[in-house]
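Enquirer: Quick one: this structure, given as structure tokens, is what I'll be asking you about.
Where a number appears in this text, it was derived from the coordinates with a stated rule and is not lab data. Here the structure is a predicted model, which means the values were calculated and not measured. Virtual Cβ from ideal backbone geometry, glycine too; neighbours counted across all protein chains shown.
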Amino acid sequence: DASDIEKGTYPHFMLKEIDEQPVVIRNIISKYKDSDDKIQLDGNIREAMKEADRIYIIAAGTSYHAGLVGKQLIERLAKKPVEVHIASEFLYNMPLLSENPLFIFISQSGETADSRGVLVNVRKLGYRALTITNVPGSTLSREANYTLHTYAGPEIAVASTKAYTAQMAVLAILAVDTAKAQGYDIDFDPIYELSLVATSIEALCDQKETLEKLARDFLSTTRNCFFIGRGLDFYVGLEGALKLKEISYIQAEGFAGGELKHGTIALIEEGTPVIALATQEHVNLSIRGNVKEVAARGANPCIISMEGLEDVDDAFVIPSVHEYLTPIVSVIPLQLISYYAALHRGCDVDKPRNLAKSVTVE
Ligand code: G6P
């Protein structure tokens with residue numbers, strides 16, 4: 001029961017939940033592998049994924065950000081087209097659907113009213129649904145045809161951390177399973193790659209002092225902050241901005257690397273923090289070009305790169321992991337930076353104003 005969960009020696013649930021992420025990833029590996037160390041999902045889920053001509057991912061908030069990463073994984077590994085939609089938009093503005101769609105609902109709580117509204121509608125239309133949730137007995141789980149459990153354990157802090165990384169790990173497993181179901185010979189072992197991810201997260205959780213200093217240097221007095229990245233890094237930037245907004249109340253926005261200059265760059269003043277992610281080799285040069293553009297207008301850039309792609313001026317370097325799984329690792333410094341920024345600004349980290357852990361009204 002969630003009310004029995006204690007913080008132990010931690011000052012906040014959020015910090016405890018950030019630290020739990022290596023264990024959560026290892027737990028997911030052990031739950032989803034069979035005795036041969038292979039991934040094998042429920043045959044019904046396999047079939048449903050295989051038969052679908054298009055996947056529609058529906059979610060809200062942080063879970064929507066996990067969905068964006070999930071789209072990339074499913075499209076790259078399983079070669080199936082995926083659309084990702086904000087639940088509350090889909091509800092009143094349904095796109096044209098493919099002939100044989102499968103709906104995937106991503107929800108930590110399994111109770112989000114916006115997502116449930118879509119689920120009820122698509123079930124009425126006769127479509128099948130899979131829910132990826134941290135609460136298997138939840139409404140979204142019960143009302144869908146299939147469920148994948150994220151095994152993150154109860155998440156108490158309002159700002160989601162471990163549930164998000166768990167969702168992406170499960171989406172990676174689902175993508176691989178779907179690829180195999182279709183007979184694709186893929187060069188990506190999720191068990192091995194996710195275990196490297198767990199080790200990398202552990203190493204990052206040991207660098208709290210460095211990240212606390214970064215938060216102090218870049219965020220202790222600023223009014224706003226921008227996150228930029230390309231590809232998967234863009235999606236992580238969206239999540240980094242959301243985390244920062246939620247708990248520190250700093251106005252933050254995530255942008256695709258090339259997009260800031262098409263308008264928002266007007267907001268850059270002397271010292272405006274711009275946090276850039278550089279974990280994707282094929283866009284490393286272009287994201288660094290974008291950093292130069294904003295720095296030339298006075299921005300204070302903070303580059304978080306990945307080992308192997310780093311430059312001398314980078315503020316922080318994450319350990320190298322498979323390029324598909326970088327979001328699960330690169331979000332960790334963003335979570336910790338947000339945590340320390342909120343702490344320094346005297347905010348209520350676990351219970352930010354105006355927010356609820358699960359929003360059960362539309
Ligand atoms: C609320 C929470 C967010 C969460 C969103 C979706 O707004 O404050 O942290 O991402 O709901 O929740 P879900 O439980 O569906 O993932």
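Enquirer: Which residues, counting only those in segment 206-262, are assigned to a helix (DSSP H, G or I) and among the small types (Gly, Ala, Ser)?
Expert: Result: 215, 237, 240, 241, 248.
Enquirer: Enumerate the pairs (first residue in segment 306-317 and surrounded by 12 or more Cβ atoms within 10 Å (Cβ to Cβ); second residue anywhere and among the hydroxyl-bearing types (Ser, Thr, Tyr) and not in a strand (DSSP E or B)) with beta-carbon separation below 6 Å, excluding pairs fewer than 6 apart on the same chain, so at least 6 apart or on different chains.
Expert: What qualifies is 306/279; 306/320; 307/320.
Enquirer: Next up: Report, by residue number, each residue of segment 284-327 that is farther than 24 Å from residue 272 by Cα and of a type in the set (Gly, Ala, Ser).
Expert: 308, 320
Enquirer: Residues in segment 56-72: is at least one basic (Lys, Arg) and either outside any helix (DSSP H, G or I) or within 16 Å of the ligand (Cβ to nearest atom) (or both)?
Expert: So the first thing to find is which residues in segment 56-72 are basic (Lys, Arg), and the list is 71.
So of that shortlist, the ones also either outside any helix (DSSP H, G or I) or within 16 Å of the ligand (Cβ to nearest atom) (or both) come out as none.
No, segment 56-72 contains no residue that is basic (Lys, Arg) and either outside any helix (DSSP H, G or I) or within 16 Å of the ligand (Cβ to nearest atom) (or both).
Enquirer: So, in segment 1-48, of the ones that are of a type in the set (Ser, Thr, Tyr) and free of Cβ contacts under 8 Å to residues at least 12 places away in the same chain, which residue ends up nearest to residue 82 (Cα to Cα)?
Expert: This residue is 30.
Enquirer: So, one more: Would you point out the residue of segment 90-114, among those that are away from the ligand (no atom under 14 Å from the Cβ) and without any contact (Cβ under 8 Å) to a residue 40 or more places away in the chain, that is farthest from residue 356 (Cα to Cα)? I'd like the intermediate steps shown before the answer.
Expert: Filtering segment 90-114 down to residues away from the ligand (no atom under 14 Å from the Cβ) leaves 92-103.
Filter once more, keeping what is without any contact (Cβ under 8 Å) to a residue 40 or more places away in the chain: 92-96.
Details: 92: 23, 93: 25, 94: 26, 95: 29, 96: 32 Å.
Ranking the candidates gives 96 first.
Enquirer: Taking interchain pairs and intrachain pairs at least six residues apart, which have beta carbon atoms under 7 angstrom, with the first residue in segment 49-65 and closer than 14 Å to residue 86 by Cα and the second near the ligand (Cβ under 6 Å from one of its atoms)?
Expert: Close Cβ pairs (under 7 Å, with a partner that is near the ligand (Cβ under 6 Å from one of its atoms)) amount to 58/115; 59/107; 59/115; 60/112; 60/115; 62/160; 63/107; 63/108.
Enquirer: Further question on the same structure: Output the residues belonging to segment 152-188 that are among the hydroxyl-bearing types (Ser, Thr, Tyr), assigned to a loop (DSSP other than H, G, I, E, B) and either buried (at least 19 other Cβ atoms within 10 Å of the Cβ) or within 14 Å of the ligand (Cβ to nearest atom) (or both).
Expert: 160, 161
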